[in-house]
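Quick notes on the structure that follows.
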Amino acid sequence: MTTYILSLVFAVIWVAVTGSATLHNLIFGFALSTLSLWIVREQMSARGYWQRMGRFLSLLALFFKELALSAWKVAVLVMNPRMELKPGIFAYPLTVDRDFEITLLANLITLTPGTLSVDVSQDRRTLFVHAIDCSDAEAVKRDIATGFERKIMEAFR
Amino acid sequence: MIEVLIALLTALLILVGAGFALVAAVGLTRLPDVYTRMHAASKAGTVGSGLMLLAVALHAGDLSTLARALAGFFFFVLTAPISAHLLAMAAHKMGYPLHEKSVRDELNDYRN
């Protein structure tokens, strides 16, 4: 995690130093700082960075796929003359426990097909999710656990 | 040749984006309660505005516009779920009922 932040900070410094605040310069700066950090990886003991970077990108790809699918599903549902709804709120037991992981998971859940996070319990162990089709809550829970939650754990731990 | 392709792609992105924005608006009026309406607003709305921002970036064809359009899309993805989530949470806290077809409400069970 600190390596991501370091890379980003270095990239911003790179943009400031070169004086050209364009996107490709930022990306170039990010690539450059990642390369520099890779060179000193032994000293920084962050060898897992490359694997985690790949997993982070795979999380991003999954997210865009799910977002497109979810917008399409909403479109089909809304345009259907006879709307068949079985909405409901189910409790999802959280495995991730850090604040930013819960936030990320809640956001991803909201942007994926048929689910919307409503609230998190006081002890931060349960997420309450509203589903537009709640007839099989167990299947939805399984999808979240094996999809986003696992990928978040892979990318940030 | 490439100009025609870019113009076609831009037009397609705008049309599809506007279509999703329309679907979001129709969903807001057709869906029965605030929770299901948030589904339409957060998903179809985000994708609709995202596609149109992408069309702007493609049409302008320079990098600073692309950067700003991508930043706009990024912030949209960041903020739309949060506002949907806050509205749904506030509605539930105020005791706004789920639609009568709803099959379960475990948040209600948890609170009581």
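Pairs of Cα atoms nearer than 8 Å and 6+ residues apart set the relative contact order; for chain A it is 24 percent. Axis angle, to the nearest 10 degrees, between helix A:23-39 and the longest C-alpha principal axis of chain A: 70 degrees. Tell me the angle of helix A:49-79 to the major Cα principal axis of chain A, expressed in degrees between 0 and 90 and rounded to the nearest ten. So the helix axis and the longest Cα principal axis differ by about 30 degrees. Seen from A:ARG98, the other residues with C-beta closer than 10 Å to its C-beta sum to a net charge of -1, counting Lys and Arg as +1 and Asp and Glu as -1.
Once you average over the residues of A:130-138, how many Cβ atoms of partner chains fall within 10 Å of each Cβ?
Counting Cβ atoms of other protein chains within 10 Å of each residue's Cβ and averaging gives 4.
Could you let me know the centre-to-centre spacing of segment B:57-105 and segment A:74-138, using Cα atoms, in angstrom? That distance is 14 Å. Annotation: average projected area of the protein assembly as shown is 16.9 square nanometres, based on the convex hull of Cα atoms across all directions.
When the helices of chain B are scored as -39500 (n - 2.57) per DSSP H run of n ≥ 4 and the total is divided over every residue, the value at 222 nm lands at -26500 deg cm²/dmol.
What percent does the relative contact order of chain B come to when contacts are Cα pairs within less than 8 Å and at least six residues apart?
On the way: 89 pairs, mean separation 30.5, N = 112.
Here the relative contact order equals 27 percent.
By the count of neighbouring beta-carbon atoms within 10 Å, fewest first, A:TYR4, B:TYR110, A:TYR92 end up ordered B:TYR110, A:TYR4, A:TYR92.
For chain A, the 222 nm mean residue ellipticity estimated from helices alone, with every DSSP H stretch of n ≥ 4 adding -39500 (n - 2.57) and the total spread over all residues, rounds to -19500 deg cm²/dmol. Relative to the longest principal axis of the Cα atoms of chain A, the long axis of helix A:2-18 makes an angle of roughly 60 degrees.
Only the coordinates and a few stated rules stand behind these numbers; no lab work does. The structure presented is a predicted model; accordingly, all values stated were derived computationally and were not measured. Don't worry about glycine lacking a Cβ; one is built from the backbone with ideal geometry, like all the others, and counts go over all protein chains shown.
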